[in-house]
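Notes to accompany the following structure.
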Amino acid sequence: MVHGIVPPYLLARIAELDDERFARAARAARRALQYDEPRRAARLNFSLDASDSLVIELADGPNRTIFDARRSETLPGVIVRKENAEPTGDPAADEAYDGLGATFALYSEVYDRNSIDGVGLPLDATVHYGVDYDNAFWDGDRMVFGDGDGEIFGRFTASLSVIGHELAHGVTQYTAALEYEGQSGALNESVSDVFGALVEQYSLEQNVEKASWLIGAGLFTDAVEGEALRSLKAPGTAYNDDVLGTDPQPAHMRDYVETDDDNGGVHINSGIPNHAFYLVAAALGGNAWERAGLVWYDTVLSPLAPRSTFAQFAEATVRAAATRYGEASTEVDAVRAGWAGVGVEAAGANLDGGRTA
Amino acid sequence: MADARPDTFSISVVRTGGFAGLRREWRVRSSDAPDVDWPALVEACPWDTVAPPSPVPDRFVWRIEADGARRRRRATLPDERLTGSWRELVDQVKSAAKP
C-alpha cells in the first residue's frame, strides 16, 4: 500500500475528476473540501483489491506548519516548513514536523480523531523560542519549543513524548477542558503524559512490556544523573541528581503534595493518575494504546466537570470501560484495580473487593 | 528624621512549573552586587497591578519577593507576563545570584 499526503490544491483537483474509475475518490474529496476550511489536508491510500482493481481511499491527513522564532520570544516566527515540504536540515524543525505527524497518526488511526479539535485543525509549532529557553508549552493555538540551556536541558523537540504531551493539551482544551489548577490540573497534566507516552509507543510499535513509560527521555544533557523527567511506570525515579534533586512525583494518594507552586503541583501530583494508567495498561497487557488508551480517550470525551477530582475522573474511567466493554469485563476490573493501586477511590462507583482502606 | 539611605533588599525569584516541573530559585542581597541600582529596579516593577495568573499549560510560574528594610513586596506572575521591568529585575537577580 502506498501512502500519499494530499495538499488542498490536489484535493481540489481530485474533486473535479470526471472519470468513473475515480468516482469514489472524487466524491470523498468534494466532501472533504465542503466540510472544512481550505487549509484542510487529506491522505490517499492506494491499494489493490482481490480482483486487482485499484482502490483509492481518502483519509484524514495532517496539515503541519513549522515556524522558527529565531531565538526571540515573539510568536509565531517565520515559516520554515509546510506540509509535504522537504526536511529543512534543522533537527528542531524536522523533529517537530515528524512529531506532529506521529501524534496526528495516533489520534487518527487509533481513535478516529481528525487532529486536535476533531475536525482537522492545522497543526502549528514554533521552534527555537527564546534564548537558552528550558521549556516547551501549548499556548492555546500552537506548540512552542525552546532550545534548552545546553547545560541541563538540550532541545525540547528531541523527545517524541514531549511533542505528544503538548498536543494532548490541545485535545484536552477542546474536550474535557480540565482546569489547570490542583487535582483537575494534575489530571490535565496526566492526560498529556499518558497520550504523550502512547504517541511514542504507537510510533515505535512497543507493547506494555517493551515501552519505557518515560516522559522526556533524551532531554537532559549528559551532565545530569537521570534518564527522563517523569516515569509512569515508577513515578519518583526518573532522575536523582546533585543539582536537580530527586524526581518529586508521588505514585500514591497518601503522598499527594499540597503546594502553592506550579499551579498547585500539577506536574508533581500527575504521578498518581499516571501510575493508575500504567497499572491498568500493565494488567491488560498488549498494546497500551488499545484497551487502556481507548478507555482514557473515551473518558476525556465524556462529560467531565472542568474541576474534576481524581476520584471523579476515576469514576468516569470506570463508566467509560463499562460502556465500551460491559460491566462484567476484564477491562472494568483492571480500571478499578488500577485506581485502587494508587489509593484513589472512584467516586460513586461500586468498587468491589480487593481494596484496602 | 527619615532615613535618607536607599533601601536595602533581599530578593528571591522562584520559578516553578514548566513542562519539567522543576523548581529553580535565585536569591540575592543588594549588598552582593552593590553596583546594581536595586531600589530603582524594584520600584520600576508594577507590584500592585499584578493580575492573577491565568494558567497556560506547561508555562513557568514566577514568584518574586523583595524584602526591603521598610517594605515587603511579593508578586506571582505567569511566564508570559515576565516582560519589561519584571524581566530586568529577574535577569539581574539571576546574574547576581550566580556563584
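The values are calculated or read from the model by the stated rules, or taken from the named source; none is laboratory data. For clarity, every value in this text was computed on a predicted model and none was experimentally measured. When we count neighbours, we look across all protein chains shown, and the Cβ atoms used for this are built from the backbone with ideal geometry, even at glycine.
Structure summary
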| item | result |
| --- | --- |
| Any hit, the stretch A:89-104, residues being over 12 Å from the mean Cα position of the chain (by Cα) and assigned to a loop (DSSP other than H, G, I, E, B) | yes |
| Residue identified as away from chain A (no Cβ under 14 Å), outside any loop (DSSP other than H, G, I, E, B) and at pLDDT below 90 among B:Asp3, B:Asp48, B:Asp67 | B:Asp48 |
| A:Glu225 being surrounded by fewer than 17 Cβ atoms within 10 Å (Cβ to Cβ), touching a Leu at 6+ places or on another chain (Cβ under 9 Å) and more than 12 Å from every other protein chain (Cβ to nearest Cβ) | yes |
| Some residue of the stretch A:292-308 being crowded, with 24+ Cβ neighbours inside 10 Å and assigned to a loop (DSSP other than H, G, I, E, B) | no |
| Filtered residues of the stretch A:201-228 (kept if of a type in the set (Val, Ile, Thr) and either in the same structural domain as A:Gly150 (by TED's automatic domain parsing) or under 16 Å from the mean Cα position of the chain (by Cα) (or both)) | A:Ile215 |
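Residues are listed down the side, and each one gets a yes or a no for (1) surrounded by 24 or more Cβ atoms within 10 Å (Cβ to Cβ); (2) modelled with pLDDT under 95; (3) assigned to a helix (DSSP H, G or I); (4) within 14 Å of chain B (Cβ to nearest Cβ):
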site: A:Ser190; (1), (2), (3), (4): yes, no, yes, yes
site: A:Asp193; (1), (2), (3), (4): yes, no, yes, yes
site: A:Gly196; (1), (2), (3), (4): yes, no, yes, yes
site: A:Glu200; (1), (2), (3), (4): yes, no, yes, no
site: A:Asn207; (1), (2), (3), (4): no, no, no, no
site: A:Ser212; (1), (2), (3), (4): no, no, no, no
